[in-house]
């Protein structure tokens, strides 16, 4: 009996495979866009070295106190409140112009004080912060529409500054505390 001759399998030349893989890797790295988390854009006051502390006197009625505890419960002026109600209350507080004795004297005097517990979730903090910013955005848009006939974002820089002077965002954020933690 004759033995069958085994057939050899041809080899594939893989010497340039590494080069091709490297070029594909570079191609995808260069052409891929990556999302960058921007965070919350807040303009901080400029740093002044050796600045002495100034004791600022603010009338209590000009301050809207917002507390968020470790259970993500919202406490506004001592009353439990839903986040969805915060925007309207902030608008009422800022745009009071002395009409209601429980709210601010004027938009320039109005201060929103936000304090969180160390256990407050980031999502709740963002929700509360967004509602306060939305209140100011609504006030600025409304004033912009009545004064210039366009939305606040469509104004020139000088016109935006003029509207911001009417409704300045005065948001005071205190360091987080442990006022809502139960042990």
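Readers should treat all values here as calculations from the given coordinates under stated rules, not as data from a laboratory. The structure presented is a predicted model; accordingly, all values stated were derived computationally and were not measured. FYI the Cβ positions are ideal-geometry reconstructions off the backbone, even for glycines, and counts take in every protein chain you see.
Extension gain, residue 91-residue 14: 0.36 nm per intervening residue step, less the Cα-Cα distance, totals 20.8 nm.
Among 80, 91, a tally of other beta-carbon atoms within 10 Å of each Cβ gives an order, fewest to most, of 80, 91.
With semi-axes defined as the square roots of five times the eigenvalues of the C-alpha gyration tensor, the equivalent ellipsoid of the stretch 68-136 measures 23, 12, 10 Å, largest first. Each of 178, 35, 117 has some number of other Cβ atoms within 10 Å of its Cβ, and from fewest to most they run 35, 178, 117. Return the distance in nm (one decimal) between the two label points of a simple spin-label model at residue 157 and residue 141, each offset 7 Å from Cα along Cα→Cβ. Inter-label distance under the simple model: 2.5 nm.
Extension gain, residue 173 to residue 38, is 46.6 nm, computed as 0.36 nm per intervening residue step minus the present C-alpha separation. Rg and Dmax of the stretch 1-133, both derived from C-alpha coordinates alone, stand at 31.7, 114 Å.
Starting with the fewest neighbours, write out 34, 17, 81 ranked by other beta-carbon atoms found within 10 Å of each beta-carbon. Before the final figure, lay out each step's value.
Numbers: 34 5, 17 10, 81 14.
The most exposed by this proxy come first: 34, 17, 81.
Axis of helix 157-166 versus longest Cα principal axis of the chain: the two differ by about 50°, to the nearest ten degrees. The stretch 60-98 and the stretch 115-170 have Cα centres separated by 15 Å. Once the C-beta distance of residue 7 and residue 28 is scaled by a Förster radius of 35 Å, the resulting FRET efficiency is 0.35 to the nearest 0.05.
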